Each structure stands twice: as structure tokens, then as C-alpha cells.
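Worksheet: one structure, shown below.
The values are calculated or read from the model by the stated rules, or taken from the named source; none is laboratory data. In this text, all values refer to a predicted model and were calculated from it rather than measured experimentally. Here the Cβ positions follow ideal geometry from the backbone for every residue, glycine too, while neighbour counts run over all protein chains shown. These accessible areas exclude ligands, DNA and RNA; they are computed on the full protein's heavy atoms, side chains included. Shrake-Rupley method; radii C 1.70, N 1.55, O 1.52, S 1.80 Å.
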Amino acid sequence: MLTVIAFIVALGLLIAIHEYGHYRVAVACGVKVLRFSVGFGKPILRWHRPGKPTEFVVCALPLGGYVRMLDEREAPVDPAERHLAFNTQPLRSRAAIVAAGPLANLLLAVAIYAGLNWAGVQEPQPVLSTPVAGSLAERAGLRAGDWVLRAGEAEGGEGGESSADAVVSFEDLRWRITQAALDGRDLVLWVARQPDGAAQPRLLPLSGLDVREADAALFRRIGLLSPYTAPRVGQVMDGGAAQAAGLQDGDLVRRVDGREVLDGQALRQRIRDAVGPQGQPVTQRWDVERAGQVLSIDVTPRPQQRDGRWIARVEAYVGDAPAMTTVHHGPLDGLWRGVVKTWEVSWLTLKMMGRMLIGEASLSNLSGPLTIADYAGKSASLGISAYLGFLALISVSLGVLNLLPLPVLDGGHLMYYLWESLTGRPVSEAWMERLQRGGVVVLMALMSVALFNDVARLAG
């Protein structure tokens, strides 16, 4: 139920903001707006503001919306109102009205990011867990417990401290790594064993990666999967391998088979690897600290097949919650960071779309309504800050998508207006119809791929 509610609220809000952008600028340009609709299909709510011509409608199917304006191309217009019709407006006014919808979504993202910056957001501290074996991070010399204090581009080798910016959280670090990997840039991390310790540079050679998807597999190759957590057992499931071995909530794992366990990530990896070539169970000797005493316990994780390979599980939550920090900024700095974050997400979205278009990135990056609904529910369950961050991300995606030069989208209409400004004449009706049909085909194909990806993700 939470997923459904969070999805409907998110979609309704983002569509309403988008259409309000069109509506507000149309009214400012002197265009008569006949209907403002959120959703399609049968109206479930409708009202008029006193003395205004616009009918406001909420419809049953919340998968879009529209602003219907007086227009001679759609219906006959009273000559006395011809100056209020959309099609009679100057080119600059028509372009402004069309562009206002996507820009409203981008401005909403700026406002959300700025609000989160001002209010403060709880995020994991930028402390590293054990890097994946053989990964870039391990080869770079990064270790569990390293604090990442600054990050910057490499300058002639291991980079310069003057070019590095402060890293405020683990999420901030992941964002910088994602951008650098997609740009093909090496990144230097300045790390210390304590937050006030002497920092040493560590070079992540991200330029050598073949990046097709910004997903979990990319971060596994880089080697930085999660922030540092203590190797503690929690939420032991009834009937699971952990309960059968006698493990209890709160047990702190010191060693597995005589080897020291540094953090929760390392413990999870040791558990996953406790399986024989044909899926046979493997028993491990765990040294755990409980109530001030160290106990030796034999644990036999249970093998499971996933994606064609065997892994093992103990059916318990492994690893403490990461230490958190409150990230907040002042009024001007918070607003500027909101603008910068919106620009960075927009540019990253455009780059990924461009790479998918030329085949350098997988089409599996496309997400549809099922994935959006799933993430809406997950973010809402994490709290208002996570949900607002999700709304900002989707708002940016909606704004960028609508600015693409596809005839059925706002960007397609702006493309028509660009042609009109260059040639002095509008696109002909015949060409308009052909382009619209082609745009519908392309958009339906993209939606089909996105829906297929949704089903594949949920089925997996």
C-alpha cells in the first residue's frame, strides 16, 4: 500500500508541477487556457476558479496530464478572442509556454535539493568498507576504515591536494565516483585513518573502465560497495543457518577460520564464499564476542543459486548500521548546491541517453513505471528526506526527457519553433503529421523497452 500511495503522490505532484509551468506562462502571455488536467480518462474532480475561464480537472488515470489552450488548429475561435489563441501568439511566447513545463520540473528539483541542503540530511559517513578482492579500490591501496576526506581529478599522476574538494558523506563519494567513471576520468581520493588525520592520496584509475551501466556491477568492479559497518550479527531469522549455529543478535564477529574480520562487508563476502564447487555447504569457525566473552561457534551457511552461481547465506542481518552524519548548508550555499546538483543530474541523464543512442551504454538503464513505483515505495519507507530526494531525481528525469527533440514531446515542439525562427515559416501540416507519427513510434518503443526492463528487474 505504501508503494502505491508513494507512487501516486510522486506522479501526481510531478505532473501537476509540469503542467502548471505550461499554464502559468500561458496565462502570463495572454493565452486563454480552457482546461488544466492532471491525469487522463474519466474526471474524478473538477472545479472552476471564480471569474476564470480555466476548468481544473483530476482524472482517474494519473499517467500524464495536459493544458488545453484556445487554438484555431483544434476548434473554431470567436474572432473577438482570436488574440487569446495560442497559435496567434509571437514565436517567443509559444516557445516560452512549451519550455515552461520541463523547466518547472527542473526548478522543482532545485527547490527540493536546496530544501534538503538547508534542513540537513542524514547520510553515512565517508568511511570505506573492505574493497572487493581484485578491484580497482583494493589495487589502489584502500582499506576498511579509511576516511575519504577529499576527492579530485588526477593531475599528472596521483593528483594534487589543491584540486580536491571535501567529501561530506558516502553518498557524496558514490556520486563523484559515478560521474568520473561515466566521464572516463581518473579520480584521486585523499584518505586518512581518522577524520582529523594526515591524508594520503590514492588513485582510482577509472578511465580504464568500460562503463556501459551505472549499476551495482560497476561499483563491484571499482570495489566500493558500501560504507563501513562493524561485523555484528543482527535480526537472526527463525529456522535459519545463524539460529541453527547458536548465533544471537548483537554478536560481534572477530575472526572467521582464524582470519580477522575487519567489517560487515568482509563478513558478508566470507559468508557468500562458504560454498563448494557443486553447491556443497562449508562449515566455518567463527570467533564472536558476546557479553565481554569470546566464543568459538561452528557456522554452516546455506548454499543458494543466484544468477547461475552458488552463494551461501546465514539468514541473518550482517553488519551494523553505518555511522551517520548530518549534511547541511547555509542559505546561499544550499541553493547553489541545489542548482549544481540539478545540473549534474541533468547532464548525467543526457550523457546516458546519448550513450544508449550510439550503443555505448545498455538499454537496460531505461526504467519504466514499475521500477519508479518500486523505488517510490522504498524511498518513502526510509523517511521524508529519502522520498524527497527520489522526487527530485524523477523530476529532473521528467524535465530532461520532455526537452528531447522528439515530435510528441515538448522538445519536439521547440524543434519546430527553431525551424520557424530559421526559415521564417512554420513546419507544414503534412510534415507535422509525419513527424508526430514517427515520434509516437519511437516513444512507444522506448516505453516498451522500459517496461520489459521493469519486469526483468522485478522477476530477478
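Quick notes
- Length-normalised contact order for region 221-284 - Cα pairs under 8 Å, 6+ apart - percent: 31
- Relative contact order of region 1-89, pairs being alpha-carbon contacts under 8 Å that are 6 or more residues apart, as %: 28
- With the convex hull of its Cα atoms as the shape, region 1-110 has an orientation-averaged projected area of 8.1 nm².
- Calculated FRET efficiency for the pair Thr3/Ser207, C-beta based, R₀ 45 Å, to 0.05: 0.70
- Among [x] 0.99; [y] 1.19; [z] 0.94, the entry derived from the coordinates for Cα Rg over 2.2 N^0.38 Å: [y]
- For Gly64, the residues whose modelled amide H falls within less than 5 Å of its own, excluding neighbours fewer than 5 places apart on the same chain, are Gly39, Phe40.
- With every protein chain in place, region 389-441: carbon and sulfur % of accessible area (1.4 Å): 69
- When peptides 95-103, 6-14 are ranked by their average number of other Cβ atoms within 10 Å per residue, the highest-first order is 95-103, 6-14.
- A straight chain from Gln436 to Arg306 at 0.36 nm per residue would run longer than the Cα-Cα distance by 42.4 nm.
- Summed side-chain charge close to Thr325 - residues other than Thr325 whose Cβ falls under 12 Å, Lys, Arg +1, Asp, Glu -1: -3
- Relative contact order computed over the chain (Cα-Cα under 8 Å; 6+ residues apart), in percent: 16
- Computed extension length for Glu72-His328: 87.1 nm, one decimal, from 0.36 nm per residue of separation with the Cα-Cα distance subtracted.
- Whole-percent carbon and sulfur share, accessible surface of region 9-163, 1.4 Å: 59
- One chain, two ends: Arg254 and Ala321. Fully extended at 0.36 nm per residue, the span grows by 22.4 nm beyond their Cα-Cα distance.
- Computed E for Glu420/Leu357 - FRET, C-beta separation, R0 25 angstrom, nearest 0.05: 0.45
- With both labels modelled 7 Å from their Cα along Cα-to-Cβ, the Gln293 to Asp196 distance reads 3.9 nm.
- Accessible surface for the chain, divided over its residues, is 52 Å² per residue with a 1.4 Å probe.
- Annotation for Arg49 and Gln269: the two label points, set 7 Å from Cα along the Cα-Cβ direction, are 5.9 nm apart.
- Degrees, to the nearest 10: 410-423 long Cα axis against longest axis of the chain: 50
- Theoretical ellipticity at 222 nm over the chain - DSSP helices of four or more residues, -39500 (n - 2.57) apiece, nearest 500: -14500 deg cm²/dmol
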